[in-house]
Amino acid sequence: MIGHGLNDFYAVQDAVPDDEGLVELAMIPLADLVVFPNMITPLMIRREQDIAAVGEAQTNQTTVIGVAQRDPNLTMPRPEDLYTIGVEMALGRLMHMPEGGTTVLSQGRRRVEIVEYIQTEPYTRVKARPITECAADDREITALTRATLSLFQKCVDLNPQLPEEAYIYALNIEEPGWLADLAASALNLTLTERQTLLETSDVVERLRRVSRLLGRELEVLELEERIQSQVRQEVERGQREMFLREQIRVIQHELGEMDIFQQELNDLRERIDQAQMTGEARDKAVKELGRLMMIPPMAPEVGIIRTYIDWLLDLPWIKATDDNLDLDNAAGVLDAEHYGLRKAKERILEHMAVRQLAPDKMKSPILCFVGPPGTGKTSLGKSIAKALGREFVRVSLGGVHDEAEIRGHRRTYIGALPGRIIQTMRRAGTINPVFMLDEIDKLGADFRGDPAAALLEVLDPEQNHAYSDHYLDVSYDLSQVFFITTANYMEPIPWALMDRMEMIEFPGYVEEEKLRIARQFLIPRQLEQHGLSDQGIRFDEKALRLMCREYTYEAGVRNLEREIAKVCRKLARRVAAKKQSARRITVEGLDKYLGPPLYISMLVEEEDAVGVVTGLAWTEGGGDITVIEVSLMPGKGMLMLTGQLGDVMQESAQAALSYTRSRVTQWGIDPEEFDRLDIHVHLPEGAIPKDGPSAGITLAAAFISAFTDRKVRRDVGMTGEITLRGRILPVGGVREKVLTAHRLGLRKVLLPQRNKKDLVEIPKRTLRDLDVVLVNHMDEVLEHALLPVAHDIGTQ
Ligand code: ADP
C-alpha cells in the first residue's frame, strides 16, 4: 500500500516560482508534527478544508504546503496560530482507514516561508517563498558531517527502535543539510526543537544543533544501557550462584556430607522437641531451624543460626529448683557458715517465713549488701542459696560501661552474644537461682548507653518477667530469680537502682570478731584444704591477734584468711617432707611463716607535735587514719595543700581556716600573722586519695595548734564536718572509724554529737576500751586535743 503511495510522489513536480520568486499552493496545518524535506511521513487528515486541499492538489498534480501549529491542540487554527516556515510536500493517494479517519503519505520537498494567505475557504491557499539553503565553509561542513554521522551511528547502535538501515541510509546521503534533517526526524525531539531545526536554513548551524541533540540523546541511551546491563549482570550472578549452589548440593550429596548435615538438623529438631521451653522460645527455635534447612550447609549463616539455636536450647526456661522453706534448716545453714551478720540473716529468715504463709504473692526481695571487701557478702549469698536449695551464680558489674554488656548485641552484629544476665542464667541452669550482681557501685555510663538503665529492667519486679535481651530476641522470665547486689559504698549507686533495693550493711569486724571468725571458720577450712586437719595444728591467740594487727589492715577477713593459708602452705610442705615442725603457731614463730610484719602501728609511739592532728577517715577498705600536718612559714598568707586531697577536702580546709581567723582573739593569735605567713597543709601517706568533709575539725585543730604553738595529742582521733561558726556536723562511717581507732590503739575519739545514734552498732567492749567523746562545737575539740603551751609530751 505504501509502495503504491510512493509511486504517486514522483509524478508530482515542485511548484515553479513566479517572477517574484513565490509559489502559490494549498496549505494544510500539521497538528503535532514537523515534516522535514526528503522525509516520507504519513499525515492524518481530518478537517473538511484539509480534505479539500488534498483533493485539489491531487486533481491538479501539484504539491501542498505543510506548516506546524504552534499549539497542537487547536482544531481550527488561524493563520496567526501557525509557524511561518513550513515544508512544500508532495502527497500520495488519500486513503480511508478502516477505523475511520483519512491518511495520506507525504514526501517533504523543500523549506518554504509563507508570505501571504490568499484564501481560507473552502481550503487555505498561500503564497510562499522557497528557501535556498546556504552552506558556507566546506571544511567545517565536512567535519560536522562526519561528527554527526558518527554520533548517529552510535545512537542507532544503542537505540533498538532505530533500524540498522537508518545508518546505511544516512551514510549514503551526500547533502549535509539532508543528513541533518534525517537525524532530526529520527531523534526523539519536542515539537519546538523540530520546528527550530526546520527554521535553521544555515546548514552549518543546523548540523551543529543536530549534533548537540545527538550527543544528548547518546548520553541518555548510554545511561539506559548501563542500567540495563547492571540489571542483567545481577540476574546473571543470581543464576550463576543458584547453579553453583545446586552443584555443591549434588557434590555434598555424593560425598555423604549432606547426610551429616541432615542428620545434624534432625538432631536439632529432636532437641527442640524435647527441650523444656516456653511456647515463644520454641516457636523461635523452630523458625530458625526452618531457616537453617533452607540454606546450603556451607553458607556462613549456618554457624550463626546454629549458635543461636544452641543458646535457646541451653537456657533454662522452665526448669526450677523447689525452695526449701524450712526455717530451722535455713537458720542452721546460715549460722553454720557465718559468724554474726545478724541483720542479713534475719532478713532472709523473715522472707522465708512470709513465703511459707503466702507462697504465690511474695516476690523475692532485692537485697543490696553494702560493706568493705572481705566482710562475707559473697559467702553469705552462697549460704542463702544453699539454705533455700537454689543454684548460686554471680557476675561482676565492675567497670561495665556498655549497655550491650548487660543486654547483649543484636544478632546482626558479627560475633554477637547475649548479655551478661542471660549468659549467667545459662550457667545457673534453672530459672530461680540466687543471682549475685557484684560491684553495683562501680557501674559506669558513657556514650554506649547506660548499663544502669538496663539493670533497672532486670531488677524491676513489674517488668522482669519479660526481660528482653538484644541477642535473644525472645522475652525471658527473670521474675523468679533471687537477686542480691553487692557494693563497697552506698553513694555511687544510681538513685533509681537504690530505690529498688533493700540495703543491708555489712560493717567491718572488730578484732574479737575476727578472732572468732578465724577460729570457727577460716582456720578449720584452711587446714582442711591443705590436708592438715588431723595434724593437731593450733594457732595461739596472741599470734592470731598479731596477724590481725600487723600482717593485715582491713575491715573484713579476706587477707587474714590469706595469711592463714600462707601459714598452712608452709606447714603442709614440712609435713609432706616429713620434717619435724611445731604444731603450735606462736607469736615468736610467726615471722618464720609470714616474714616481717607489714603494718606496724607507729601511732602510739609518735610524739605529740604542733600542727599534727590524727583524723579518722573512711576508705573502701573500711576505716583509716589520716594524719594532717600544718606548718607555717614566712610568706604572704597563702594556703597551700599537698598530698592527695579531693575538691571537697580543699573546700573544707578553706572553711576551717576561715573559722580559725574568726577566732583570733579567743586564742590570742596576732591577726597580722595571716598576712605574714604561708600556711602549708599536707596529708602524708597519701597514696589513697582522700576526700569528703569529715576532716573539717581535724584541719581546724591543726590550724589552731600551728598558730598558737600548742601541741596536739596524737592519741586523740577525730572526725566531723565544721561550719564557719565552729559547729560540728555529723559524718558517715562512724563504726568503721571507731573500730580502726581502736585497732590502732588510740585512746580517745572525738565524734559529732549527732552521730550518737551510730554508737549502738559498735561492740560494747570496744566502747569500754576507748574514750568516745561526743562534741558539738570546735571549742570542745580543742579542749580535748590541744595540750597547754607549757606542758610537755603526754602529761595531760
Ligand atoms: P566480700 O564478698 O564481702 O568481699 P567474701 O564473702 O568473699 O567477702 O568473704 C571473704 C572470706 O571471709 C570468705 O572466705 C568468707 O567465708 C569469710 N568470711 C567473711 N565474713 C565471715 C563471717 N561473718 N563468718 C564466716 N566467714 C566469714
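The values are calculated or read from the model by the stated rules, or taken from the named source; none is laboratory data. All of these numbers come straight from a predicted model, not from anything done at the bench. So basically every Cβ, Gly included, is an ideal-geometry build from the backbone, and we count neighbours across all protein chains shown. For the accessible areas, the whole protein counts, side chains as well, though only heavy atoms, and no ligand, DNA or RNA atoms are used. Shrake-Rupley method; radii C 1.70, N 1.55, O 1.52, S 1.80 Å.
Arrange the peptides 537-548, 276-287, 710-721 so that the one whose residues have, on average, the most other Cβ atoms within 10 Å appears first.
Numbers: 537-548: 18.5, 276-287: 15.5, 710-721: 24.1.
Top to bottom by mean Cβ count within 10 Å: 710-721, 537-548, 276-287.
For a protection proxy built on the mean count of beta-carbon atoms within 10 angstrom, sort 156-163, 386-393, 94-101, 777-784 highest first, please. Walk me through the numbers on the way to the answer.
Numbers: 156-163: 13.9, 386-393: 21.0, 94-101: 9.6, 777-784: 18.1.
Sorting 156-163, 386-393, 94-101, 777-784 by mean packing, highest first, produces 386-393, 777-784, 156-163, 94-101.
Using a 1.4 Å probe over the heavy atoms of the protein chains, calculate the carbon and sulfur portion of the accessible area of region 333-419 as a whole percent. Could the numbers behind the result be given before it?
Details: 2160 of 4000 Å².
Heavy-atom surface of region 333-419 belonging to carbon and sulfur, 1.4 Å probe: 54 percent.
For region 475-607, with only Lys/Arg (+1) and Asp/Glu (-1) charged at the beta-carbon, what is the dipole magnitude about the Cα centre, in debye rounded to 20? Can you show the working numbers first?
Numbers: 21 positive and 21 negative charges, 271 e Å.
That gives a dipole near 1300 debye.
Based on alpha-carbon centroids, what's the gap between region 22-62 and region 729-783 in Å, whole number please?
Between the Cα centre of region 22-62 and that of region 729-783, the gap is 121 Å.
Through the Karplus equation 6.51 cos²θ - 1.76 cosθ + 1.60, θ set to phi - 60°, convert the phi angles of region 19-26 into ³J(HN,Hα) values in whole Hz; use x for Gly and Pro.
4, 7, x, 10, 10, 10, 9, 6
Treating the beta-carbon of each Lys and Arg as +1 and of each Asp and Glu as -1, no other charges, what is the dipole magnitude of region 644-773 about its Cα centre, to the nearest 20 debye? Could the numbers behind the result be given before it?
Working: 21 positive and 17 negative charges, 180 e Å.
About 860 debye.
Output needed: percent of Cα pairs per 10 Å distance bin for region 125-281, bins running from 0 to the one holding the longest distance.
Taking all Cα pairs of region 125-281, the binned fractions are 9, 23, 18, 11, 8, 8, 9, 8, 4, 1, 0 percent.
Could the peptides 324-334, 370-380, 516-526 be put in order, highest first, of the mean number of other beta-carbon atoms found within 10 Å of their residues? Please list the in-between numbers first.
On the way: 324-334: 16.1, 370-380: 22.2, 516-526: 18.2.
In decreasing order of mean packing, 324-334, 370-380, 516-526 become 370-380, 516-526, 324-334.
Once the Cα atoms of region 473-556 are picked out, what are the Rg and Dmax in Å?
Final numbers for Rg and Dmax: 19.8, 60 Å.
Quick one: which residues, 5+ away or cross-chain, put their amide H under 5 Å from the amide H of residue 68? H built at 1.01 Å from N.
30, 83
In whole percent, how big is the carbon plus sulfur part of the accessible area of region 77-186, probe 1.4 Å, protein atoms only?
Working: 3020 of 5800 Å².
Using a 1.4 Å probe with all protein chains present, region 77-186 comes out at 52 percent carbon and sulfur.
Suppose we take every Cα in region 243-354 and form the convex hull; what volume per residue is that in Å³? Numbers along the way, then the final one.
Details: hull volume 18.0 nm³, N = 112.
In region 243-354, the Cα hull volume divided by residue count equals 161 Å³.
Which order do 273, 181 take when ranked by solvent-accessible area (1.4 Å probe, heavy atoms of all protein chains), largest first? Display every interim value, and only then the final one.
Values: 273 100, 181 5 Å².
Of 273, 181, the descending order of accessible area is 273, 181.
Have a look at 126, 95, 108 and report the one farthest towards the positive end of the charge dipole of region 79-140, computed about the Cα centre with Cβ charges (Lys/Arg +1, Asp/Glu -1).
Of the listed residues, the answer is 95.
Using Cα pairs closer than 8 Å and at least 6 residues apart in sequence, work out the relative contact order for the chain, in percent.
7 percent
Answer with one residue from 389, 155, 568: the one whose Cα lies farthest towards the positive end of the charge dipole of the chain, charges on Cβ with Lys, Arg +1 and Asp, Glu -1.
Final value for the positive-end residue is 568.
Could you let me know the centre-to-centre spacing of region 308-364 and region 463-479, using Cα atoms, in angstrom?
22 Å
What is the set of long-range amide H partners of residue 729 at a cut-off below 5 Å, with H atoms built 1.01 Å from backbone N?
721, 722, 723
How large is the direction-averaged shadow of the alpha-carbon convex hull of region 24-180, in nm²? Don't skip to the answer; put the middle values down first.
Working: hull surface 44.1 nm².
The directionally averaged projection comes out at 11.0 nm².
Could you check what % of the DSSP bridge pairs in the chain are antiparallel, to the nearest 5? Could the numbers behind the result be given before it?
Numbers: 53 of 93 bridges.
So the antiparallel bridges in the chain amount to around 55 percent.
Under 28 Å from the Cα of residue 363, which lysines turn up, not counting those fewer than eight places away in the same chain?
319, 343, 345, 377, 382, 386, 442
With every protein chain left in place, what is the accessible area per residue of region 239-365 in square angstrom, probe 1.4 Å? Could the numbers behind the result be given before it?
Details: 7880 Å² over 127 residues.
Solvent-accessible surface per residue comes out at 62 Å².
If you wrap a convex hull around the alpha carbons of region 660-734, what volume per residue comes out, as a whole number of Å³?
Details: hull volume 9.0 nm³, N = 75.
Residue-normalised Cα hull volume stands at 120 Å³.
Among 518, 623, 356, which residue has its Cα positioned farthest towards the positive end of the charge dipole of the chain, with +1 placed on the Cβ of Lys and Arg, -1 on the Cβ of Asp and Glu, and the dipole taken about the Cα centre?
Value computed over the given set: 518.
On a C-alpha basis, how far is the centre of region 365-436 from the centre of region 68-95 in Å? Whole number, if you could?
90 Å
With just the Cα atoms of region 420-549, tell me how far they stretch along each of the three principal axes, in Å, largest first.
Taking max minus min along each principal axis of the Cα atoms, region 420-549 gives 58, 34, 26 Å.
For residue 619, enumerate residues with amide H under 5 Å from its amide H, sequence gap 5+ or separate chain, H modeled in the peptide plane.
624
Taking the Cα atoms of region 75-142, what is the range of coordinates along each of the three principal axes, in descending order and whole Å?
Ordered largest first, region 75-142 gives principal extents of 51, 30, 18 Å.
Quick one: Karplus J couplings for region 350-356, per residue in order, coefficients 6.51, -1.76, 1.60, θ = phi - 60°, nearest Hz, x for Gly and Pro?
4, 4, 5, 4, 5, 4, 5
Mind jotting down a quarter of the surface of the convex hull over the alpha carbons of region 361-474, in square nanometres, one decimal? Display every interim value, and only then the final one.
Numbers: hull surface 32.1 nm².
Answer in nm², one decimal: 8.0.
Rg/Rh for region 178-265 to two decimals, with Rh computed the Kirkwood way over all alpha-carbon pairs.
Numbers: Rg = 27.5 Å, Rh = 17.6 Å.
Rounded to two decimals, Rg/Rh equals 1.56.
What does the convex hull of the Cα atoms of region 315-416 come to per residue, in Å³, rounded to a whole number? Working shown, then result.
Details: hull volume 15.0 nm³, N = 102.
Per residue, the Cα convex hull of region 315-416 comes to 147 Å³.
Mind checking the dipole of the chain: about its Cα centre, +1 per Lys or Arg Cβ, -1 per Asp or Glu Cβ, Debye to the nearest 20?
Values: 97 positive and 123 negative charges, 1148 e Å.
Computed about the Cα centre, the dipole is about 5520 debye.
With a 1.4 Å probe and all protein chains left in place, how much of the accessible area of region 497-614 comes from carbon and sulfur atoms, in whole percent? Provide the component values of the computation, followed by the final result.
Details: 2950 of 6330 Å².
Carbon-and-sulfur percentage of accessible area, whole number: 47.
Which values of log₁₀ I(q)/I(0), to two decimal places, follow from the Debye formula for region 397-463 at q = 0.19, 0.27 Å⁻¹ with a uniform point scatterer at every Cα?
For region 397-463 at q = 0.19, 0.27 Å⁻¹, log10 I(q)/I(0) is -0.80, -1.31.
Can you give me the orientation-averaged projected area of the convex hull built on the Cα atoms of region 614-678, in nm²? Kindly include the intermediate steps, with their values, before the conclusion.
Numbers: hull surface 20.8 nm².
Mean projected area for region 614-678: 5.2 nm², to one decimal.
Give the aspartates and glutamates whose C-alpha is closer than 19 Å to that of residue 542, dropping any in the same chain fewer than 8 places away, or say none.
Straight-distance partners of residue 542: 511, 512, 513, 550, 554, 561, 563, 588, 591, 769.
In whole angstrom, how long is each semi-axis of the equivalent ellipsoid of the chain, when you take the square root of 5 times every eigenvalue of its Cα gyration tensor and sort them from largest down?
Each semi-axis is the square root of five times an eigenvalue, giving 105, 42, 24 Å.
Apply the Karplus parameterisation 6.51 cos²θ - 1.76 cosθ + 1.60, with θ equal to phi minus 60°, to every residue of region 532-541 and state each ³J(HN,Hα) to the nearest whole Hz, in sequence, with x for glycine and proline.
Each residue of region 532-541 in turn: 10, 4, 9, 9, x, 7, 10, 9, 5, 4 Hz.
Take the Cα atoms of region 657-796, find their three principal axes, and give me the spread along each one in whole Å, biggest first.
48, 32, 31
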